[in-house]
Amino acid sequence: MTAYLFKRVLFGLATLVLASMVVFAMLQVVPGDPARLMLGMNATEDQVQVLREQMGLNQPLVLQYLDWAGGLLRLDFGRSYTYSVEVSELVGERLAVSLPLALISLGLSTLVAIPLGLYAASRRGKTADAVSMGAAQIGMAMPNFWFALLLIYVFAVWLRLVPAGGFPGWSAGVWPALKALILPAVALALPQAAILARVTRSAMVEVLGQDYIRTARAKGMTARSVLWRHALRNVLIPVLTILGMQFAFLLAGTIIVENVFYLPGLGRLVFQAISQRDLVVVQSVVMLLVAAVILVNLLVDLSYALVDPRLRGNR
Amino acid sequence: MSFASLPATPARPTGLRRLLASRIFVAGAVLTGIVLLMAAVSLVWTPYDITRLVVADRIQSPSSAHWLGTDHLGRDILSMIMLGARTSIAVALVAVGIGVGIGVPLGAYAAARGGLIDEALMRFNDLVFAFPSLVSAIMITAIFGPGAVNAIIAIGIFNIPVFARVARAGALSIWPREFILAARAAGKSDIRITAEHILPNIAGLLLVQASIQFALGILAEAGLSYVGLGAQPPMPSWGRMLYDAQTVMLVAPWLAVFPGTAIMATVLGLNMMGDGIADALDPKARGRR
């Protein structure tokens, strides 16, 4: 168990370091001088040089990288060129929208998909199975931003139940804020739920066909306790894997769906930063998302060990 | 069935016949076929010329003149969807090509050699998978500029580890088989064995993955062009059409319906074909997916 944990953590860290190098290197190939960009067209060459010196842009790349990476460790992402505030401050504000959004939709999709998948597996080959898996096929095929548009039309324009977009801020109260997040969360949850339901169903069908399930039934356990004591635990492994992978998709999905609803989250921030060529912000957000993905995958790997006792052994 | 009615040599049902017996595959193929046909026809003919803007005809609901209506610039929606199909398919197909062309050799090589090279490839895969693909596609298009070519590259890069992983896993399951041992005893090199025995045996797996990645590519292209980082106007794309539709959704909701339906139909068709192929490859697993 310790060796397994150690290896996983080590791989996670190595991936993180490599990823930071990739992100850093990518931003180096961007044409244009950030110092000149900050000062504008009218700045003299001397002014640009002074600022370059201040920003450390004249140092060797290795030092610039170490400086940047060292800052990341202290959660110091640098200053935004265009907003002239600390990037960490900007990101913190935006996370207050994106993180709840991602978590709500993760919760929604899990709550719908796992019971649906288990139900479909229990009715395998029957109409209920075909209907729910057909719905899952359609859910997987719908682009989430299109689903978002349809939701806006039905629930905001037509029924006027929720706002069509924008975010009042958490200071306006929890309920108005949640109301602004519910449609985006549903839109994000749909494709996730569809995939999760399919995976849950196929994992359950697979497990129910195993010999140990037959044995458990043969020794007189009820179908219900077989399900809870033997089947579910084995279904959890593929389900956890998919949940971990989906987190990355969810973060990416947030970026587009936030744009549909004009939510001031990380996604909007990235787009504004891109259009203003504020690359420090782009770099920081990408790095943050990558770190989140690595962390979640690490947690998934660790949770395998909790679910699957075989992993606690010598591996 | 009596034994006499069995063919003398047990003929395995060919892959194609098994596929055509799969209802889900046929349904998917029909859907995908319609979209491909639209894209192909658009090469030579569209109902209207979409480069000519007829402002007098703007935002019309579906009619006999414009089957799917017109947009805010008076362009015919059916023509735009046909041309958009071309953009979507071209972007997704080339992106799959990048993934197969680079990923499969990498994966097959890692499986054949094992050891350090294999380990390095797997770590490289971990690295690429750590980047949420759409986020990175956004970063790539942000750095190198928006446009269809950069969208293809951005989507294609993330197909490489996917195909490398599938090819490696597939190849690893074939290598210990006896016919490989026989081929080796006959003096064939690793490369020849890979080309003659491994690849044909994992082609089905790769085909399933290709249909999935093709579908994901269509979705990614739509997403990128929706946020303005994919194909640039005047090149029509379904994602861009949805973006334009959003601004006039109050007066013309149908403008948001048709491009979305086109995306959904294409992705659905490809996914169903993938399911059908997967079932045909592994009949025992039928009904599990």
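The values are calculated or read from the model by the stated rules, or taken from the named source; none is laboratory data. Given the structure is predicted, the values throughout are model-derived calculations rather than measurements. Using ideal geometry, Cβ is built from the backbone for each residue, glycine included, and neighbour counts are taken over all protein chains shown. We work out accessible area using only protein heavy atoms, side chains counted, and drop any ligands, DNA or RNA first. Shrake-Rupley method; radii C 1.70, N 1.55, O 1.52, S 1.80 Å.
Just one of B:A95, B:A130, B:A40, B:A90 is surrounded by 20 or more Cβ atoms within 10 Å (Cβ to Cβ) and under 30 Å from B:G276 (Cβ atoms); which is it?
Working: B:A130 fails: under 30 Å from B:G276 (Cβ atoms); B:A40 fails: surrounded by 20 or more Cβ atoms within 10 Å (Cβ to Cβ); B:A90 fails: surrounded by 20 or more Cβ atoms within 10 Å (Cβ to Cβ).
Result of the check over B:A95, B:A130, B:A40, B:A90: B:A95.
Collect the residues in segment A:272-294 that are open to solvent by 50 Å² or more (accessible area, probe 1.4 Å) and either within 10 Å of chain B (Cβ to nearest Cβ) or touching a Phe, Trp or Tyr at 6+ places or on another chain (Cβ under 7 Å) (or both), keeping them in residue-number order.
Residues satisfying the conditions are A:S275, A:R277.
Which of the following residues is open to solvent by 20 Å² or more (accessible area, probe 1.4 Å), closer than 30 Å to B:S173 by Cα and without any contact (Cβ under 8 Å) to a residue 40 or more places away in the chain: B:A112, B:A120, B:A56? Step through it out loud before you land on a result.
On the way: B:A112 fails: without any contact (Cβ under 8 Å) to a residue 40 or more places away in the chain; B:A56 fails: closer than 30 Å to B:S173 by Cα.
It is B:A120.
Read through the list (1) open to solvent by 20 Å² or more (accessible area, probe 1.4 Å); (2) more than 30 Å from A:L288 (Cβ to Cβ); (3) assigned to a helix (DSSP H, G or I), then give the number of the only condition that B:A85 fails.
(1)
Inside segment A:242-262, can you point out the residues that are more than 25 Å from A:I114 (Cα to Cα), open to solvent by 10 Å² or more (accessible area, probe 1.4 Å) and more than 10 Å from chain B (Cβ to nearest Cβ)?
A:Y262 - this is the single residue of segment A:242-262 that is more than 25 Å from A:I114 (Cα to Cα), open to solvent by 10 Å² or more (accessible area, probe 1.4 Å) and more than 10 Å from chain B (Cβ to nearest Cβ).
Checking A:G78 against (1) on the phi < 0 side of the Ramachandran plot; (2) open to solvent by less than 40 Å² (accessible area, probe 1.4 Å), only one condition comes out false. Which one?
(1)
Would you mind listing the helices (runs of 4 or more DSSP H) fully within segment B:118-207 where at least 1 residues are under 21 Å from B:E221 (Cα atoms)?
B:133-144, B:148-174
Output the number of residues of segment A:129-141 satisfying the condition of being facing chain B (nearest Cβ under 8 Å) and either open to solvent by 30 Å² or more (accessible area, probe 1.4 Å) or in contact with a His (Cβ under 7 Å, 6 or more places away or on another chain) (or both).
Residues flagged as facing chain B (nearest Cβ under 8 Å) and either open to solvent by 30 Å² or more (accessible area, probe 1.4 Å) or in contact with a His (Cβ under 7 Å, 6 or more places away or on another chain) (or both) within segment A:129-141 amount to 2.
Quick check on my filter: what residues within segment B:215-247 are hydrophobic (A, V, I, L, M, F, W, C) and not in a loop (DSSP other than H, G, I, E, B)?
B:A215, B:L216, B:I218, B:L219, B:A220, B:A222, B:L224, B:W238, B:M241, B:L242, B:A245
Looking at segment B:229-250, is at least one residue open to solvent by 20 Å² or more (accessible area, probe 1.4 Å), of a type in the set (A, V, I, L, M, F, W, C) and either without any contact (Cβ under 8 Å) to a residue 60 or more places away in the chain or within 11 Å of chain A (Cβ to nearest Cβ) (or both)?
yes
When you scan segment B:261-274, do you find a residue that is away from chain A (no Cβ under 11 Å) and not in a helix (DSSP H, G or I), even just one?
No, segment B:261-274 contains no residue that is away from chain A (no Cβ under 11 Å) and not in a helix (DSSP H, G or I).
Is it the case that segment B:275-289 has a residue that's open to solvent by 50 Å² or more (accessible area, probe 1.4 Å) and at the interface with another protein chain (Cβ under 9 Å from one of its Cβ atoms)?
The answer is yes, given that some residue of segment B:275-289 is open to solvent by 50 Å² or more (accessible area, probe 1.4 Å) and at the interface with another protein chain (Cβ under 9 Å from one of its Cβ atoms).
Looking at segment A:270-286, can you tell me whether even one residue there is in a loop (DSSP other than H, G, I, E, B), of a type in the set (G, A, S) and at pLDDT 85 or above?
Checking segment A:270-286: not a single residue is in a loop (DSSP other than H, G, I, E, B), of a type in the set (G, A, S) and at pLDDT 85 or above.
Those residues that are under 23 Å from the mean Cα position of the chain (by Cα) and exposed (fewer than 14 other Cβ atoms within 10 Å of the Cβ), I need them from segment A:154-167; list them, please.
Of everything in segment A:154-167, just one residue is under 23 Å from the mean Cα position of the chain (by Cα) and exposed (fewer than 14 other Cβ atoms within 10 Å of the Cβ), namely A:G166.
Working carefully through the options A:L57, A:L90, A:L51, find the one that is at pLDDT below 85, assigned to a helix (DSSP H, G or I) and open to solvent by less than 80 Å² (accessible area, probe 1.4 Å).
Numbers: A:L57 fails: assigned to a helix (DSSP H, G or I); A:L90 fails: at pLDDT below 85.
Of the residues listed, the single one that is at pLDDT below 85, assigned to a helix (DSSP H, G or I) and open to solvent by less than 80 Å² (accessible area, probe 1.4 Å) is A:L51.
Among the residues of segment A:30-47, is there at least one that is closer than 24 Å to B:D126 by Cβ and open to solvent by 50 Å² or more (accessible area, probe 1.4 Å)?
No, that holds for no residue.
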